[in-house]
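**Q** Take this structure first; my questions come after.
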Amino acid sequence: MVDAGFADKFPFSSFAKAYLKEEHLNEELVKRGVNFIETGVGGVSEYAVARLILSLSGNRIKLRAFAKMLADRVVFSDHENFVLIAKDFFPSTDFFNFTVSIIDFIKFFDLNSFQVEGGLVYLNDARSLENIVKKAVIKKIEDIHVSNAPDILKKEALKFQPVVKESRGKLLNKKCMIEILKGVSEGKRFYGSMALSIACLKDGLSFEEASNILKVYVNNCDKGVNPFTEKEALNTLKWVYSRPSIHFSCKVLKSQGLVSDCSDCER
């Protein structure tokens with residue numbers, strides 16, 4: 001049976017609503033919410049406050065890291081808990097045949113690249129099932145957009161606002177590169193990481209500075225069926241930085257479908 005302990009461990013589940021305390025919003029609760037962001041220690045109330053703060057901050061990278069931290073609890077939990085969460089997000093889950101109904105599936109994902117037959121989405125194995133449950137949890141946690149809230153929350157949100165530094169190079173300030181940095185769709189993510197890596201190199205950024213830009217890019221990209229990881233992006237960056245004579249070409253970007261003509265295109 002689901003109890004308060006389960007709700008605190010999985011505060012994003014529908015079961016947790018029953019355990020959300022009607023607690024007055026005060027400095028102590030906000031402090032606990034901030035601590036939850038960094039440590040994951042706390043319960044349903046702390047989770048709710050933490051999520052509000054991150055939404056108000058506009059820091060989508062921090063919100064994603066927060067979501068991943070909580071989603072990992074599902075994957076590394078015992079099988080009984082995993083079944084409860086999987087059924088919570090996908091009630092039609094068949095754990096023997098690894099199928100989910102289309103109706104449940106499209107609440108979170110597109111059907112592209114998945115095997116569909118007879119109203120069911122067929123997954124490859126248990127790991128594939130774990131993967132979609134984890135992604136669904138992340139999507140649910142990230143799906144929050146708060147523009148107004150009590151001042152006590154706004155004050156804390158300021159501490160989590162992303163620090164935006166102006167790119168110090170000519171290429172990274174091009175309109176096309178700014179658009180690529182916002183993320184691209186599956187099938188183009190590698191090309192985007194290559195383009196940004198070359199731009200960073202040519203603009204004279206250190207490897208560490210370039211790494212931070214690539215990490216932002218990865219978080220902004222379409223997650224798709226197969227996630228594009230920081231490791232993949234940084235491997236591309238290492239490859240580019242080991243070849244300082246490599247050229248930046250707008251024509252290549254166009255041929256890869258990353259950009260169309262723009263007003264500041266030179267080559």
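Any read-out appearing in this document is the output of simple, stated calculations on the displayed coordinates, not a laboratory observation. Just so it is clear, the structure is predicted and the values come from calculations on it, not from any experiment. In this analysis, Cβ positions are derived from the backbone assuming ideal geometry, glycine residues included, and neighbour counts consider all displayed protein chains.
**Q** Roughly how large, in nm² to one decimal, is the mean projection of the convex hull of the alpha-carbon atoms in the range 175-255?
**A** The directionally averaged projection comes out at 4.8 nm².
**Q** Sticking with this structure for a sec: Could you bin all the Cα-Cα distances of the chain into 5 Å bins starting at 0 and give me the percent of pairs in each, rounded to whole numbers?
**A** Bins of 5 Å from zero give 1, 5, 11, 13, 14, 13, 13, 12, 9, 6, 2, 1, 0 percent of pairs.
**Q** Hand me the chymotrypsin sites (Phe, Trp or Tyr not before Pro) from the range 62-105 located in a DSSP loop with no more than 14 other Cβ atoms within 10 Å, in residue order please.
**A** Here the chymotrypsin sites (Phe, Trp or Tyr not before Pro) that fit, given the DSSP loop and packing criteria, are 76, 95, 96.
**Q** Of the trypsin sites (Lys or Arg not before Pro) in the range 53-125, which ones lie in a loop per DSSP and count no more than 15 other C-beta atoms within 10 Å?
**A** Here the trypsin sites (Lys or Arg not before Pro) that fit, given the DSSP loop and packing criteria, are 107.
**Q** Let me ask you something else. Report the calculated FRET efficiency for residue 60 and residue 239 (r = Cβ-Cβ distance, R0 = 25 Å), to the nearest 0.05.
**A** Efficiency for this residue pair is about 0.35.
**Q** Let me ask something else about it. Quick one: if you stick a label point 7 Å off each Cα along the C-beta vector at residue 124 and residue 173, how many nm between them?
**A** 4.5
**Q** Given a Förster distance of 22 Å, report the FRET efficiency between residue 113 and residue 72 from their Cβ-Cβ distance, rounded to the nearest 0.05.
**A** Here the calculated transfer efficiency is 0.35.
**Q** Additional query: Given only helices, namely DSSP H runs of n ≥ 4 each adding -39500 (n - 2.57), what is the per-residue ellipticity at 222 nm of the chain, to the nearest 500 deg cm²/dmol?
**A** Roughly -16000 deg cm²/dmol at 222 nm, from the helical runs in the chain.
**Q** Enumerate the amide H contacts of residue 121 below 5 Å, restricted to partners 5 or more residues apart or on another chain; note that Pro and chain-start residues carry no placed amide H.
**A** 100, 101, 102
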